[in-house]
Amino acid sequence: MNNTEGYQATLDYAQQADRTDPLHKYRKRFYFPQHNGTDTIYLCGNSLGLLSDNVQGSIEQELQDWKKFAIDGYRKATYPWMYYQHFFKPSLSRIMGCSEDEVTVSNALTVNLHFLMFSFYRPQGKRCKVMMEAGAFPSDQYAVETQVRHHGLQPADAIIEIAPRAGEKTLRTEDILEAIRLHADSLALVLFGGINYYTGQLFDLSAITQAAHQAGALAGFDLAHVAGNVPMQLHDWNVDFAAWCSYKYLNGGPGSVAGLFVHERYGSDPLHPRLAGWWGNDEKTRFRMEKGFVPQPGAGGWNISTAQVFNMAPLKAALEIIDEAGIHNLRAKSIRLTGYLQFLLYELSNIRFEIITPEDPAQRGAQLSLFFPDRAKQLHQQMIDQGIVVDYREPGVVRVAPAPLYNSFEDVYRFYERLKSLNQDLQDYRDRGR
Ligand SMILES: *Cc1c(COP(=O)(O)O)cnc(C)c1O
């Protein structure tokens with residue numbers, strides 16, 4: 001790796017980088033879990049983002065308004081519950097690169113994948129197949145498998161999985177595009193993760209979408225590991241639909257409301273198939289209680305139920321901080337921060353591992369996946385015992401994700417420093433709780 005950034009493996013360097021980082025000030029707005037009375041080195045924002053200092057107030061606001069207004073809160077609350085989903089649109093449209101009408105928040109991620117596949121996976125005759133990356137997140141695999149069965153098809157026939165070449169760990173874009181061309185006459189939908197949760201590989205959504213469209217198929221993406229991590233241009237890339245959860249880089253808290261994107265060409269078609277509920281109905285007539293669903297224009301037409309205000313209030317607060325920091329500023333810092341992590345990891349000689357995430361910053365977000373050919377779990381346990389929070393995914397991978405909103409260069413340096421004391425040759429390092 002050439003070190004054009006001038007990275008140095010010293011605490012001085014890391015602290016100096018933090019002093020000149022305009023986003024460093026956000027770190028103190030987050031609560032870090034404790035280990036032996038000090039902050040853990042938390043590099044797990046790809047699994048669950050940290051709690052920020054404005055979330056409690058956001059929940060309390062809703063408690064107060066419920067106490068004060070009860071049913072009238074739908075219109076009179078500080079943030080009227082009737083329109084609560086609107087408060088997310090400006091922020092999410094910037095993060096996802098689309099119009100405010102093309103995004104909404106509702107339900108949960110896998111639930112939305114099902115609803116969106118209902119709308120956008122419409123197998124017809126020979127054109128019935130779904131293409132996805134091999135080793136997609138299990139919930140996505142289950143969703144696709146059961147959708148395919150729901151249409152009377154067999155997963156083995158109807159799901160095409162694209163795997164890396166022999167001896168390689170990640171996919172080549174050219175191979176994905178070639179596979180799409182190869183299956184052009186049978187493909188109904190290409191459904192990829194934006195970033196693969198295991199390898200950390202960021203896919204070329206624009207190229208995949210274009211190839212899918214040329215093949216006569218639609219393109220949808222699961223952006224769980226992208227949302228709040230890498231800025232998107234979903235509208236301009238012509239992506240048909242996307243879904244994501246909000247508890248990873250968006251810091252919305254465990255199980256927080258998910259988001260979805262529907263391109264305006266469908267959102268403006270009131271007859272586009274969907275499973276509807278009254279919260280997706282045109283707001284002017286929602287309470288007339290009349291027959292005949294009239295969707296709101298845009299992604300809001302995919303809302304179904306009453307806004308889950310208490311599930312949304314934390315995310316509303318968390319997005320305020322992301323907005324203030326700016327998603328493009330976050331990405332710029334993230335590239336440097338993850339680059340620093342990679343630089344330091346290459347300095348280590350006491351443990352044997354391979355970074356399976358692409359080295360090219362354009363093909364990854366914040367996460368680096370470290371593959372340990374042996375004793376991976378034991379090493380992960382040694383990390384935990386040192387006050388490091390990173391997660392382990394079978395087989396053999398420790399995922400490390402410095403989140404640019406609250407992680408510092410010093411965090412990354414201290415992670416490296418503690419890694420230097422690990423020992424891969426400890427025979428029986430306890431393997432607790434697994
Ligand atoms: C985190 C994640 C999920 C989780 O789905 P939920 O419905 O929120 O439980 C699904 N898919 C991917 C790709 C993920 O990264």
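Residue farthest toward the positive end of the dipole of region 58-322, with Cβ of Lys/Arg at +1 and Asp/Glu at -1: which of G267, M96, V144?
The listed residue farthest towards the positive side: G267.
Compare N36, N407, N54 in a GNM of the chain, Cα atoms joined below 10 Å, and give the one with the largest fluctuation.
Comparing N36, N407, N54 in the GNM, the peak value goes to N36.
If one computes the Cα centroid of region 194-226 and of region 99-137, what distance in Å separates the two points?
12 Å
Just for the Cα atoms in region 53-209, what are the lengths along the principal axes, largest first, rounded to whole Å?
61, 34, 27
Measure up K129/K284; K28/K420; K68/K89; K25/K169; K89/K333; K25/K89 against 32 Å on the Cα-Cα distance and list the ones that go over.
The pairs that break the limit, which is 32 Å between Cα atoms, are K129/K284; K25/K169.
As I understand it, the dipole of region 58-322 uses +1 on the Cβ of Lys and Arg and -1 on the Cβ of Asp and Glu, about the Cα centre. Which of A156, A77, Q214 lies farthest toward its positive end?
Projecting each Cα onto the dipole axis, the largest value belongs to A77.
Output the 0 to 90 degree angle, nearest 10, between the alpha-carbon long axis of helix 205-214 and the longest principal axis computed from the alpha carbons of the chain.
40 degrees
What list of ³J(HN,Hα) couplings, whole Hz, do you get for region 28-33 from phi and the Karplus terms 6.51, -1.76, 1.60, once you set θ to phi - 60° and write x for glycine and proline?
6, 8, 10, 9, 9, x
Ranked from highest to lowest mean number of other Cβ atoms within 10 Å per residue, what is the order of the peptides 183-189, 77-83, 195-201? Don't skip to the answer; put the middle values down first.
Numbers: 183-189: 19.0, 77-83: 17.0, 195-201: 25.3.
Going from most to least packed, we get 195-201, 183-189, 77-83.
Placing unit charges on C-beta atoms (Lys and Arg positive, Asp and Glu negative, everything else neutral), compute the dipole magnitude of the chain about its Cα centre in debye, rounded to 20.
Result for the chain is approximately 820 debye, rounded to the nearest 20.
Quick one: grab the alpha carbon gyration tensor of region 230-314, order the square roots of its eigenvalues as a ≥ b ≥ c, and give me rounded if a/c is under 1.5, else prolate or oblate depending on whether a/b is larger than b/c. The partial results should precede the final answer.
Working: a/c = 2.95, a/b = 1.26, b/c = 2.34.
In terms of gyration-tensor shape, oblate.
Looking at P254, A307, S47, which one has the Cα that reaches farthest to the positive end of the dipole of the chain (charges on Cβ: Lys, Arg +1; Asp, Glu -1)?
Looking along the dipole axis, the top candidate is A307.
Pick from S99, S369, S334 the residue whose mean-square fluctuation is largest in a GNM of the chain, springs joining Cα atoms under 10 Å.
S99
Run through all the Cα pairs of region 225-368 and give the fraction in each 5 Å bin from 0, expressed as whole percent.
2, 8, 14, 15, 15, 15, 10, 8, 5, 3, 3, 1, 1, 0
Got a sec to turn the phi values of region 281-294 into Karplus ³J(HN,Hα) couplings, 6.51 cos²θ - 1.76 cosθ + 1.60 with θ = phi - 60°, whole Hz, x for Gly and Pro?
My calculation for region 281-294 gives 6, 3, 5, 5, 10, 4, 9, 7, 6, 9, 5, x, 6, 10 Hz in order.
Step by step: find N for the chain, compute 2.2 N^0.38 Å, then divide the Cα radius of gyration by it. What's the final number?
Against the empirical 2.2 N^0.38 Å value, I get 1.02 for the chain.
Run the quick spin-label model on L348 and E178: label points 7 Å from Cα toward the beta carbon, then report their separation in nm to one decimal.
3.4 nm
Using alpha carbon centroids, what distance separates region 239-313 and region 77-91, in Å?
Their Cα centres are 13 Å away from one another.
Quote the charge dipole size of region 247-296 about the Cα centre in Debye, to the nearest 20; the model charges only the Cβ of Lys and Arg (+1) and of Asp and Glu (-1).
100 debye
Dipole of region 92-194, Cα-centred, from +1 at each Lys and Arg C-beta and -1 at each Asp and Glu C-beta, to the nearest 20 debye?
My answer is approximately 200 debye.
For region 22-84, what is the convex hull volume of the alpha-carbon atoms per residue, in Å³?
Dividing the Cα hull volume of region 22-84 by its residues yields 147 Å³.
Laboratory data are not the source of any read-out in this text; all were calculated from the coordinates shown. If you're wondering where the values come from, they're calculated on a predicted model, not measured in any experiment. A quick note on method: Cβ atoms are made from the backbone with ideal geometry, for glycine too, and the neighbour counts reach across all protein chains shown.
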